[in-house]
Amino acid sequence: ISPSPFFHPGKVASQDSLAVLHLKRDLLLPITLRTSSEATDGYAEGAVTNTRFGSFPHSTLLGLPWGTQVLASKVDTGSRGRPGKKRKLEDRSPQEEQLGTKQSGEERVAVKAAVAAGSGFAHLLPPTPESWTISLPHRTQVVYTPDYSYILQRLRVRPGDTIIEAGAGSGSFTHAAARAVYNGLGTAGRKRKRQGRVFSFEYHEPRVVELKREIKEHGLDPIVTVTHRDVYQDGFNIATSPDDQRERPLPYADAIFLDLPAPWQALPHLTRALKPVPSPTPAMAAPTSDSPNDITMTSDPIDPREENATSYNATQSPLNPQATIRVCTFSPCIEQVQQTVTALRRLGWVDVEMVEVMHKRIDVRRERIGLHEEGLRGVNASASNVEEATDRLREIENRFKDFHSSNRDPDGRKGGNKGVGDKEDKSKKARLDRIKADLKHRKIYKEGRLVHRTEPELKTHTSYLVFAILPMEWTQAEEDACEARWPVAN
Ligand code: SAM
């Protein structure tokens, strides 16, 4: 299994690796690092990535440790990275090279100065499912990080597990699922580790083509299998070669995630024995006022689809017979939830539960306070503008120095009204020294009232999550063995 940059990005950005340019919060750009100027992918323009914060020639990014803050190039890239304009790694300016190392206070000042002079910067990050979710090319609504992290832990997905996912859409959940099941490279001791798998199904062909390309480019193809299929119609079994006796029936899933408009139409394909499902009767469908908790059966009846024989073994269960299976469905409206819950109940799923993730991002910061000191009046100090206050202090110091130099006569001796001036100078200097010492020792980031605000805009579209469990089925032999060991008292 080849290492994916999502799991093993290495220490530095290298040729052909997928990287993420973090331009500002929630603005991330995936790029594939190339030295050639040919346009090689859909996100970056050849060997230069142009953003509204400036241009980033890839040659200035290659070899930098992940996490480096990089200044936009001052070199004229011809704005579109024409051949002949590219620079080699050795041609990087000292400042650019300096940025490759951990930044000292002075380096930070350099970045600030560059930004003030009009050039932007970005942080160079390795890809993760989280950054991919924010930056991926959207082909559909996607599942965002707050939802998929909750879903994957509720499904108890662990390294080595197999998960079924439908529909795959833009592949946001796919990447998170791949990381959750990934079981490392190689073997554990003498025993071969079971590698995790994700079986993704999608019926929209262009989306399948795109997702397959991305999965391959991201080195996830040994883990993720994307199948073009209508799962309502044809279920989840994967054809394996009839000659291959060693291959267990696939997918052999431990967990299922359904992000489909009608999950209840896919559920009959996710039972242990794929038995026909009884059609709903009017009595089952109609809620009564005596039983307010009954689930309403709306328009679409459950279709057992028993007649849909396919090229795969339609009677074979796609589930791991030796595991308790967990399912999650993701639906934006309550009517879909009602139909899903009804189907789950009829198909033998237990512990059916609905959850709505009400994720809110809370911005915590200190309210600005005034520094009522001489020379700093009007300058606010807070965690974010300590540097502003220090800059202002430096400016005042410089003015103070200028005042001194202008007060010297041509021979370098102090001139004029020496006595008065000296006294004023001394007291001014003493005051400035006090301020300086104060700024040095005061924990300005601890000052001010701590406030928090909820951010209204959040990238997650509200949906209802339905969770359920399908218990493991026991064979008669297992029942007998259990009875022999722990006899049930009559
Ligand atoms: N979970 C995905 C993500 O995080 O990027 C987004 C899924 S998107 C909301 C729903 C997808 O289900 C669509 O791409 C749609 O084409 C697919 N779909 C709908 N009905 C389907 C079916 N019967 N079989 C397979 N895929 C289906």
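Annotations
For every residue, the table says whether it meets (1) within 27 Å of residue 210 (Cα to Cα); (2) within 23 Å of the chain's Cα centre (by Cα); (3) assigned to a loop (DSSP other than H, G, I, E, B); (4) modelled with pLDDT of 90 or more.
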site: 10; (1), (2), (3), (4): yes, yes, yes, yes
site: 19; (1), (2), (3), (4): yes, yes, no, yes
site: 22; (1), (2), (3), (4): yes, yes, no, yes
site: 30; (1), (2), (3), (4): yes, yes, no, yes
site: 34; (1), (2), (3), (4): yes, no, yes, no
site: 40; (1), (2), (3), (4): yes, no, yes, no
site: 43; (1), (2), (3), (4): yes, yes, yes, no
site: 59; (1), (2), (3), (4): no, no, no, no
site: 63; (1), (2), (3), (4): no, no, yes, yes
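- Residue match in segment 218-239 (condition: more than 9 Å from the ligand (Cβ to nearest atom), without any contact (Cβ under 8 Å) to a residue 12 or more places away in the chain and either of a type outside the set (S, T, N, Q) or part of a helix (DSSP H, G or I) (or both)): yes
- Residue check, residue 77 β-branched (Val, Ile, Thr), more than 16 Å from the ligand (Cβ to nearest atom) and at pLDDT below 95: yes
- Identity of the residue in segment 308-343, modelled with pLDDT of 90 or more and among the small types (Gly, Ala, Ser), that ends up farthest from the chain's Cα centre (by Cα): 343
- Of the residues making up segment 137-183, those that are without any contact (Cβ under 8 Å) to a residue 60 or more places away in the chain and away from the ligand (no atom under 11 Å from the Cβ) are 149, 152, 153, 158, 159, 160, 180, 181, 183.
- Only a single item in (1) touching a strand residue (DSSP E or B) at 6+ places or on another chain (Cβ under 7 Å); (2) at pLDDT below 95; (3) under 25 Å from residue 214 (Cα atoms); (4) not small (Gly, Ala, Ser) is not met by residue 162, and it is number (2).
- Where residue 119 falls short, out of the listed (1) more than 14 Å from the ligand (Cβ to nearest atom); (2) modelled with pLDDT of 95 or more: (2)
The values are calculated or read from the model by the stated rules, or taken from the named source; none is laboratory data. Note that the structure is predicted; figures quoted are calculated from it, not measured. In this analysis, Cβ positions are derived from the backbone assuming ideal geometry, glycine residues included, and neighbour counts consider all displayed protein chains.
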